[in-house]
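Participant: Okay, here's the structure, questions in a sec.
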Amino acid sequence: MSEEEKSPFTEHLGELRDRLVRSFIAVAVGFVVAYFFKEKLFEILIAPLVSAMGESHNARMIFTGLPEAFFTYLKVAFLAGIILATPVLFYEFWMFVSPGLYRTEKKYFLPIVFLSVFFFVIGASFGYFIVFPYGFKFFLGFATETIYAMPSMKEYLSFSSKMLLAFGLVFELPLVLTFMARMGLVTVSFLKKNRKYAILIFFVAAAIITPPDVITQIMMALPLMILYEISIIGAKIFGKKPTKENDDDDTREKEQNTEPQPGSESQDQ
């Protein structure tokens with residue numbers, strides 16, 4: 001392989017490295033800023049659980065290891081840093097895949113970045129304000145007079161952070177599918193034809209991501225079904241339109257298929 005053949009690949013890796021570095025820097029800056037508010041951020045994060053626990057018994061959290069609280073606050077600041085850095089993260093991601101777009105299509109770049117952040121925030125908010133309260137009430141329902149729920153800081157943070165990030169990312173589905181349609185990777189007819197398989201995948205993914213209860217699984221799968229329909233609309237509006245050459249080729253194929261084959265007239269006689 002010559003140097004000219006290697007250069008595009010190495011340039012692509014170099015671009016990926018630079019964008020990853022900028023993303024890490026953005027997360028680091030967000031982490032430093034969030035660390036000064038770590039206690040308040042953790043209070044906000046546990047608010048749905050405290051509200052659900054307060055209905056039946058005293059709302060208290062524990063930590064079972066001496067450094068657990070310290071590392072939990074660090075992880076809270078890191079999670080907040082990721083959320084604060086989402087504009088930069090999405091910007092770097094879409095810039096990395098933007099070379100596949102035409103110059104006239106790059107005018108939609110900034111709206112795509114804005115919508116990426118918007119859908120992520122909507123997804124995380126949906127998990128925090130709607131899924132968390134119902135999910136926590138379901139789990140706390142197993143408590144009795146002799147059995148008390150005593151969640152630890154580490155376990156709660158691990159659970160809540162995974163859920164928030166998962167809901168934030170799955171709400172990016174319309175943008176991803178619309179972009180794939182714009183690139184010509186999927187079509188509206190393909191999305192409609194495979195709707196039933198998509199629904200099956202949504203429920204399987206919800207069963208894997210969410211806790212093992214039906215309520216939270218359904219509360220993730222249903223928004224995904226709605227987002228899939230929005231994706232079809234987005235693909236219909238912004239999807240790649242067939243070119244004139246493709247239309248001419250399709251017309252020729254149809255004409256060739258409709259033309260009588262040699263010897264067919266004699267066979268009919």
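Participant: Treat each spin label as a single point 7 Å out from the Cα along the C-beta direction, and report the Asn194 to Arg22 distance in nm.
Facilitator: For the pair Asn194/Arg22, the computed spacing is 3.2 nm.
Participant: Kirkwood Rh, segment 172-240, all Cα pairs: how many Å?
Facilitator: That comes to 12.3 Å for segment 172-240.
Participant: In the neighborhood of Ile82, defined by Cβ-to-Cβ distances under 15 Å, what is the net charge if each Lys or Arg adds +1 and each Asp or Glu adds -1?
Facilitator: +2
Participant: Moving on. Could you give the distance between the Cα centres of segment 200-216 and segment 26-90, to the whole Å?
Facilitator: Distance between centres, Cα-based: 25 Å.
Participant: Using a basic spin-label model with each label point 7 Å from the Cα along Cα→Cβ, how many nm lie between Ile233 and Ser51?
Facilitator: Reported label-point gap for Ile233 and Ser51 is 2.8 nm.
Participant: Using a Förster distance of 41 angstrom, determine the FRET efficiency expected from the C-beta separation of Tyr148 and Phe203, and round it to 0.05.
Facilitator: The computed FRET efficiency comes out at 0.80.
Participant: Distance cut-off 29 Å, Cα to Cα: go down the list Lys154/Lys196; Lys162/Lys193; Lys38/Lys137; Lys162/Lys196 and report the pairs above it.
Facilitator: Beyond 29 Å: Lys154/Lys196; Lys162/Lys193.
Participant: A further question on this structure: In terms of modelled amide H atoms, which long-range or inter-chain residues lie less than 5 Å from the amide H of Ser152?
Facilitator: Here the answer is Ile62, since their amide H atoms fall under 5 Å of that of Ser152.
Participant: Give me Val76, Val214, Val113 ranked fewest to most by other Cβ atoms within 10 Å of their Cβ, as a rough exposure proxy.
Facilitator: Ordered from fewest to most neighbouring Cβ atoms within 10 Å, Val76, Val214, Val113 come out as Val214, Val113, Val76.
Participant: On to the next question. At a Förster radius of 41 Å, what calculated FRET efficiency corresponds to the Cβ-Cβ distance of Tyr108 and Ala69, to the nearest 0.05?
Facilitator: Computed FRET efficiency for Tyr108 and Ala69 comes out at 0.35.
Rule-based calculations on the coordinates, nothing more; no lab input. Quick caveat, the model's predicted, so the values are computed rather than measured. Here the Cβ is made from the backbone with ideal geometry for all residues, glycine too, and neighbour counts use every protein chain on show.
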